[in-house]
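Q: One structure, as structure tokens, below. Some questions next.
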Amino acid sequence: MFLTFVTDSGQTYTLEVSADMEMDNLQALLEAESEIPPSEQIITHVDSELSLEPTRKLKDEGITADAMLGLRRKVQVAGKEVAHDGEMMRLQLLGNRDLLEQMKQVQPELAEAAEKNPPKFYELMQQAVRNKHVAETQQAEMLNSDPFDIDSQKRIEEEIRQQAVAESFERAIEYNPETFGMVEMLYIDTQVNKHHVKAFVDSGAQNTIMSPKCAEDCNLMRLLDTRFQGIARGVGTAKILGRIHAAPMQIGDILLQCSFTVTEGSGVDLLFGLDMLKRHQAVIDLRQNAMIIQDIVIPFLAEHEIPKNNHQDPAQLESAEGGGIAQQPSIPPHSGDKFPGSGATLGGSSTASQSHPAASTNTDSNRSNNGISEEKIAKLMELGVGREEAIQALRSTNGNIEYASSLLF
């Protein structure tokens, strides 16, 4: 007969055994497959831990053909033996505060157990794994019952696609783990009208942008030309107050004359855009991690020196005057506060949406109407989660079913 062993991390091992096989022989087979020594193995069946007496047989434990059993690894926590995989997952969760905060929103019971009740955390994790495998088994049986049905064919196609996505993800994790890291933005130290400002260098922004507060701190609001008022359109909208045509800006030992578009809600004090980069023939040298102007090397700020701002992306600026030329600065999100494509990292703060009501209103509307489909909710529910949990996970990942399933399991 065949037995399937499942670990807390979702790995499966299928062994061909006999009902008269003794436990010591079974443990030896498991050691060969999983590399877990017999002394560290915990085997469970139907929520009960099996007796691992060497001479005890499988039939004595009520194990039948095609049964699914749990396999865990013992580890010492506070003097007690617990499952190795579960403890590693719990420690990883506790070590990532952003992920823990996100977990509190999606699965508060699991997050609370991770912090206060490790045994309950392991139990909940095991239950989730069991639910997942039961759902997969039921789905496989349903597809095999009538494989030529159109709906079954679509589900099989989706399963193949999901498997390809998972394989691609695993290869990326193994061979290119650096691609999952967050890239810090490029900032330089400057002085505008003798006031110190940390400027965000963005060659994708067509214009150089300054916040109203920064303009006041630099004593430049008196030079604001309100004839250049407009609306910034992108992720929501922001108001353009006007333009400062010329002001002294010192970068290193170089004194430059720069113009600034004063915009509300940009999320940065000063964005050094493509207009000034081209005017002063600046070079962004990532090998030296510096910007070069007039052969002077200006190093970019280290990570701890970068201001922790929430950037909004005014992707398109329209002039209020009919003959004006549309301006299109692009302010990418700060690596620690937003997640590319979704607008929020796991556990990320919601300050950006609070600061820009128009942006959050548009985003929430899109999510409620288009971001979460019933089909995605149904697919997560097929894995054994409740409807509310599925909806919360999809909302947290902006409708990305792969990230949502990873968050839940």
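No lab work stands behind these numbers, since they all come straight from the coordinates. Given the structure is predicted, the values throughout are model-derived calculations rather than measurements. Please note: Cβ atoms are built from the backbone with ideal geometry, for glycine as well, and neighbour counts cover all protein chains shown.
Q: How do D146, D60, D202 rank when sorted from fewest to most other Cβ atoms within 10 Å of their own Cβ?
A: Listed from fewest to most nearby Cβ atoms, that is D146, D60, D202.
Q: Further question: With +1 on each Lys and Arg Cβ and -1 on each Asp and Glu Cβ, and nothing else charged, work out how big the dipole of the range 187-319 is about its Cα centre, in Debye to the nearest 20.
A: It works out to roughly 340 debye.
Q: Run the reach check for K74 against lysines, Cα to Cα strictly under 30 Å, same-chain hits fewer than 8 apart removed. What comes back?
A: K57, K59, K104, K116, K120, K132
Q: What ranking do 180-188, 147-155, 294-302 get when scored by the average of other Cβ atoms within 10 Å per residue, highest first?
A: The peptides rank, most packed first, as 180-188, 294-302, 147-155.
Q: Related question: Highest mean first, how do 284-290, 268-274 rank when packing is the count of other Cβ atoms within 10 Å averaged over residues?
A: Top of the packing list down: 268-274, 284-290.
Q: A follow-up question, please. What is the list of residues in the range 380-396 whose amide nitrogen lies under 15 Å from a point 7 angstrom out from the Cα of Q162, following Cα to Cβ?
A: Only 380-386, 390-391, 394 fall inside the zone, counting backbone N under 15 Å.
Q: How do the peptides 119-125, 207-213, 173-179 rank, highest first, by the average count of neighbouring beta carbon atoms within 10 Å per residue?
A: So the peptides 119-125, 207-213, 173-179, ranked by packing, come out 207-213, 119-125, 173-179.
Q: If you don't mind, there's one more thing I want to ask. For the range 115-126, just list the computed ³J(HN,Hα) in residue order, Karplus coefficients 6.51, -1.76 and 1.60, θ = phi - 60°, integers in Hz, with x standing in for Gly and Pro.
A: In residue order, the calculated couplings are 7, 10, 9, x, x, 5, 4, 4, 4, 5, 5, 5 Hz.
Q: Could you work out the relative contact order of the range 191-309? I mean the mean sequence separation of Cα pairs under 8 Å and 6+ apart, divided by the number of residues, in percent.
A: 30 percent
Q: I want to verify the translational diffusion coefficient of the range 27-76 in µm²/s; compute it with Stokes-Einstein, Rh as the Kirkwood radius over Cα pairs, at 4 °C and 1.567 mPa s.
A: 112 µm²/s
Q: In nm, to one decimal, how far is the modelled label at Y175 from the one at L91, with both set 7 Å along Cα→Cβ?
A: It is 3.0 nm.
Q: Once phi is turned into ³J(HN,Hα) by the Karplus curve 6.51 cos²θ - 1.76 cosθ + 1.60 with θ = phi - 60°, what whole-Hz value does each residue of the range 376-383 show in order, with x for glycine and proline?
A: With coefficients 6.51, -1.76 and 1.60, one gets 5, 4, 5, 5, 5, 5, 5, 7 Hz.
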